[in-house]
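Visitor: Take this structure, written in structure tokens, and hold onto it; I'll ask about it next.
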Amino acid sequence: MQHVSGAFGTKWSVKYNQQEICALNGSTVFMNGTYTYPEHLTVTETFWGIHPVPGMDPTDLSKDPDYSGRFEYLTDEQKHFSLKLSDVVKKDEHRYCFRIITNEEKERWLGEPGVQLRVIELHVEIPEEVTEGETADLTCKTICSLTDPTFIWYKNGHPLTTKTIKNNQLHLQTVSSEDAGSYSCAVRGYQHLHSTAHNLRVRYPPMSVSVSISSSGEIMEGSSVTLTCSSDANPPVKIYTWFKEGGTSPVGSGHSYSIINITADHTGLYYCEAQNEHGVQNGTVMVTVKTGGSLVLYSVVLYVVVGVSLCGNAALLTVVFWMRGKRQNRNLEERDNEVSFNKSLGIHKHTGLNAQINADPNAKDDTYTALQPTARSSDDVYHTLAAVQLMTRT
């Protein structure tokens, strides 16, 4: 609006550098311009108001509690003016006008239409989902145009410096699983004012397939073992198939495979095949079953030792019998010689030898009887053998 007044035709004028400003929520904005007024007047006051109503003075921002501590008026002798407004929020979206008051009641000026302020937030537009190997463009959007913005992109909160950024777009030439993550954007100078983050989901085949085994130590025959397969994939793997190396048919299916009552025949390399709609990958594990060989060997040695002991006892008994018989034969020969000698001398003795001769011929030698298995119980035989062993040791 322009108005001509004064003796020399000096004009009233208010010119704004921008009539519409788009500002980020939380940022600081400047509304600038210049003004002129008739030379015969004296400017007594300038201020900024909002939403002017015809015939009424707008309210001075300095008197509005919503702007307390957030604004600053700036003017100079060259008739420049400025409004600095900090920490703008959505409710600051108004039409702001510069007001001039002079020393004459009827000589006032309101710079219409003013400056329209719009407060916005950045938001990211990304594909809902992308498959590994494809291209993708991410866009930092605003509902109005910022003044010469330089956009900065972030992935998982960290700035991206190796990606192609053009204007407000982030271009991913060949998407990989590593590109999946949370993306946000900001404008240089206002890096603290990030957009809301959005996730980029990337579909990819199984990777990092691994197999774990339930047993942490040696696997013994007769025990049970469970193999578990895990993988990284999108969408997650639902089909797991188990194979044993050398076999042509699956040995199991599902996330886990259990072997009950394992034997040495189960020793070998096992692998699980993880598959989703985008591909397949395998993971392997070696299963080694330890047999009970050491236990069997111990039993054999034990039996051999026991057998040697029994054979040794039998040999010892044979020697005892042989020595006992030889001693008896020698005693009988000595007695026969003594009888013959006595007869030649005409001497007859009725003691000792006669007692021996007159003894019961059916009587058995005590030693023989003691060692006769049929005449003794099993416990008696054991104790007799023990006694014989002790006698031979002494």
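Visitor: Suppose the chain between residue 20 and residue 87 were pulled fully straight at 0.36 nm per residue; how much longer would it get relative to their current alpha carbon spacing? Numbers along the way, then the final one.
Guide: Numbers: separation 67, 0.36 × 67 = 24.12 nm, distance 1.77 nm.
Here the segment from residue 20 to residue 87 would lengthen by 22.3 nm.
Visitor: Over the range 125-246, one equal point on each Cα, no solvent: what is log10 I(q)/I(0) by the Debye formula at q = 0.14, 0.16, 0.22 Å⁻¹?
Guide: Once normalised to I(0) and log-transformed, intensities are -0.71, -0.82, -1.25.
Visitor: What order do you get for 65-74, 93-102, 277-286 when each peptide is scored by the mean count of other beta carbon atoms within 10 Å, highest first?
Guide: Details: 65-74: 11.8, 93-102: 19.5, 277-286: 14.7.
Packing proxy ranking, top to bottom: 93-102, 277-286, 65-74.
Visitor: Percent of Cα-Cα pairs more than 25 Å apart in the range 3-119, please.
Guide: Numbers: 1443 of 6786 pairs.
Pairs farther apart than 25 Å: 21 percent.
Visitor: Could you run the Karplus curve 6.51 cos²θ - 1.76 cosθ + 1.60 with θ = phi - 60° over the range 83-92 and give me ³J(HN,Hα) per residue in whole Hz, x for Gly and Pro?
Guide: Here the 3J(HN,Hα) series is 10, 9, 10, 9, 6, 5, 10, 4, 6, 7 Hz.
Visitor: I'd like the FRET efficiency for residue 112 and residue 169, computed as 1/(1 + (r/R0)^6) with the beta carbon distance as r and R0 of 45 Å, rounded to 0.05.
Guide: Working: r = 38 Å, r/R0 = 0.85.
Computed FRET efficiency for residue 112 and residue 169 comes out at 0.75.
Visitor: Tell me, what HN-Hα J-couplings in whole Hz come from the Karplus equation 6.51 cos²θ - 1.76 cosθ + 1.60 at θ = phi - 60° for each residue of the range 38-52, using x for Gly and Pro?
Guide: Taking θ as phi minus 60°, the curve returns x, 5, 7, 9, 10, 6, 9, 7, 9, 7, 10, x, 10, 6, x Hz for the range 38-52.
Visitor: Kirkwood-based Rg over Rh for the range 118-174 (C-alpha set), two decimals? Intermediate results must be reported in sequence, preceding the final value.
Guide: On the way: Rg = 12.4 Å, Rh = 12.6 Å.
Looking at the range 118-174, the ratio lands at 0.98.
Visitor: Continuing with this model, one more query. Along each of its three principal axes, how wide is the spread of alpha-carbon positions in the range 206-290, in whole angstrom units, largest first?
Guide: 39, 27, 16
Visitor: Could you list which residues have their amide H under 5 Å from that of residue 59, counting only those 5 or more apart in sequence or on another chain, with H placed in the peptide plane?
Guide: 50
Visitor: Follow-up question, since we're still on this one. Which of the peptides 229-241, 147-159 is most tightly packed, and how do the rest follow, judged by the mean count of other Cβ atoms within 10 Å per residue?
Guide: Working: 229-241: 17.8, 147-159: 14.5.
Result, highest mean first: 229-241, 147-159.
Visitor: Taking 0.36 nm per intervening residue step and subtracting the Cα-Cα distance, what contour gain separates residue 291 from residue 28 on full extension? Walk me through the numbers on the way to the answer.
Guide: Working: separation 263, 0.36 × 263 = 94.68 nm, distance 7.83 nm.
In short, 86.8 nm is gained.
Visitor: Taking H as built 1.01 Å from N, whose amide H comes closer than 5 Å to the amide H of residue 170, not counting residues under 5 places away?
Guide: Those lying under 5 Å, H to H, from residue 170 are 138, 139, 140.
Visitor: Taking 7 Å along the Cα-to-C-beta vector as the label spot, tell me the residue 121-residue 80 distance in nanometres, rounded to one decimal.
Guide: It works out to 3.5 nm between the two label points.
Visitor: Please work out the FRET efficiency for the pair residue 68 and residue 188, using the Cβ-Cβ distance as r and a Förster radius of 25 Å; give the result to the nearest 0.05. Numbers along the way, then the final one.
Guide: On the way: r = 30 Å, r/R0 = 1.20.
That gives a FRET efficiency of 0.25.
Visitor: Hey, what do the phi angles of the range 64-69 turn into as Karplus ³J(HN,Hα) couplings, whole Hz, using 6.51/-1.76/1.60 and θ = phi - 60°, x for Gly and Pro?
Guide: Listing the rounded values in order: 9, x, 5, 10, 4, x Hz.
No lab work stands behind these numbers, since they all come straight from the coordinates. The structure displayed is predicted, hence computed values, not measured ones. Cβ coordinates were reconstructed from backbone atoms using ideal geometry, including for glycine residues, and neighbour counts include every protein chain displayed.
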